[in-house]
Amino acid sequence: MIDCIPFVQRRERLMQQLGSGIAVLATAPEQVRNRDSHFPYRFDSHFYYLSGFTEPEAVIVLLAAANKAILFCRDKDMEREIWDGFRYGPTAAAEAFGFDEAYTIAELDERMPKLMANQPALHYAVGADSVWDSRMLGWLNNVREQARSGVAAPAEIRDVRVPVDAMRLIKDDFELDLMRRAAAISCGAHRRAMLATCPGGYEYQVEAEILHEFRRHGAQSPAYTSIVAGGANACVLHYVDNNASLHADDLLLIDAGCELDGYASDITRTFPVNGRFAGAQRDVYELVLAAQLAAIAAVSPQAHWNSAHEAAVRVLVQGMIDFGLCEGSVDGVIESGDYRRFYMHRTGHWLGLDVHDVGDYKQHDEWRSLQPGMVLTVEPGCYIRPADNVPEAYWNIGIRIEDDVLVTASGAEVLTAAAPKTVAEIEVLMQQRQASEWPGAL
């Protein structure tokens, strides 16, 4: 049974914020993969946030002043259900998802001009889709043609994503429960990956273990394409080939998280293929971990968005100076940006229905203050390539450590703490591996 209450409450909150006017939100279209095969369907995040409805070909209409929510969806069609599976149809969907009215999607073009009539403003995702822009203008022009009959068209067009983005940035208890569950599944997948990693195996075999753990615990899909990067591949930030062999002396960087009922998790762990940190790999790993812990400690309602990044950079830069990778003072290296040869990305992003979730990072040109209910990633890294003219001991060391962090009233809660990340935790876990069970490459 679907709990429609959180979605009803969100729609009501949005309509209260809008005050008046009509809001229109469409879900994502189905996408053809090739010929007559489709990609697995994934709904639009804004649409889902306000509806909980996961079928394609659906539109929400909100009449703010009347506090009325209308759903347009596919009609009940028993013949199509034989081929494609269950459909709610308008009547059942309205009841299950708490809508005041529901109609078949085939009626949308006929009903929209009537719903738009005499509304002071139109709220929709302006510019997000040229097809929908054209469709909206068609409905508006239809209403304008009725001016001699005393019918007024909306005088303003506003982007509905602005208020919805602000709502989505602060997670409610329903969302946090899902995100904790997604985090737990992903933590288990990273543990499984560590246990499955052995010299002589392949990156794709480790990826298969991760995907298996996602699905066996009910996650519908990865939240993004998994990165399973051994050795030098870990220095490629968005490496996704996942087809190289694993060597005993290399590190393996895994950036992978599941999506559960629409909500993303996002974890990165880096560990030695042979199960033991040594030499420069251990030194750099401890540095990145110290930077991450400093960044997490900087997350609190008293901080701004960039506090975690600033804390991580200071720790990383001091380490780079100590290792001889950079020269000068900490402040000097930060000011010159020389550290960016080894740390070229930022320390996190918002997390929620999208892995890079909605929400502004600055307000009025100032870094946004953190608030309880926000969820962000904290993911410093260090990537050292031979081309950077560094001592050979540091060549091809790529390390990133990433956790999902909830801002609480008193500080921060690490949702993904169950994924091992200290040197001791990782080495103890990896001692449990059974190398003889590792399947050879096909």
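How big is the gap, in Å, between the Cα center of the range 128-158 and the Cα center of the range 366-404?
Centre-to-centre (Cα) distance: 47 Å.
With the crude spin-label approximation of a point 7 Å out along Cα→Cβ, what separation in nm comes out for Ala28 versus Ser134?
2.2
Extension gain Gln17-Ser336, at 0.36 nm per residue separation less the Cα-Cα distance, in nm?
So the chain would gain 110.4 nm between Gln17 and Ser336.
How much length would be gained if the chain were fully extended between Glu145 and Arg80, taking 0.36 nm per residue of separation minus their Cα-Cα distance, in nm to one decimal?
Between Glu145 and Arg80, full extension yields an extra 19.6 nm.
Can you give the Rg/Rh ratio of the chain, where Rg is from the C-alpha atoms and Rh is the Kirkwood radius?
Rounded to two decimals, Rg/Rh equals 1.04.
If you average the sequence gap of Cα pairs under 8 Å that are 6 or more apart and divide by the length of the chain, what percent do you get for the contact order?
Dividing the mean separation by the residue count of the chain yields 13 percent.
Can you work out the FRET efficiency for the pair Leu176 and Ala393, with r the C-beta to C-beta distance and R0 = 51 Å, to the nearest 0.05?
Efficiency, from the Cβ-Cβ distance: 0.75.
Name the residues whose placed amide hydrogens come within less than 5 Å of the amide hydrogen of Lys68, ignoring near sequence neighbours (fewer than 5 apart) on the same chain.
Here Leu63 satisfy the definition.
Using modelled amide H (1.01 Å from N, peptide plane; none on Pro or chain starts), what sits under 5 Å from the amide H of Gly348, excluding residues fewer than 5 places away?
Glu379
Please build a GNM for the chain, connecting alpha carbons under 10 Å apart, and tell me which residue among Pro29, Pro154, Pro40 fluctuates the most.
Judging by the Gaussian network model, the answer is Pro40.
Compare the Cα positions of Gln146, Val240, Gly127 along the charge dipole of the chain (+1 at Cβ of Lys, Arg; -1 at Cβ of Asp, Glu; about the Cα centre) and return the one farthest towards the positive end.
So the residue furthest toward the plus end is Gln146.
What is the ratio of the Cα radius of gyration of the range 5-168 to 2.2 N^0.38 Å, where N is its residue count, to two decimals?
This ratio for the range 5-168 stands at 1.05.
What does a probe at Ala166 reach in the range 7-21, counting residues whose amide N is under 15 Å from the point 7 Å along Cα→Cβ?
Zone members listed by number: 13-20.
Expressed as a whole number of Å, what is the distance separating the alpha-carbon centroids of the range 68-101 and the range 198-275?
38
Mind giving me the FRET efficiency for Ala409 and Glu107? R0 is 45 Å, r the Cβ-Cβ distance, nearest 0.05 is fine.
0.45
Can you pull out the chymotrypsin sites (Phe, Trp or Tyr not before Pro) in the range 6-94 that DSSP calls coil and that have at most 10 other Cβ atoms within 10 Å?
Phe86
No lab work stands behind these numbers, since they all come straight from the coordinates. Everything numeric here is computed off the predicted structure, so don't read it as measured data. Cβ coordinates were reconstructed from backbone atoms using ideal geometry, including for glycine residues, and neighbour counts include every protein chain displayed.
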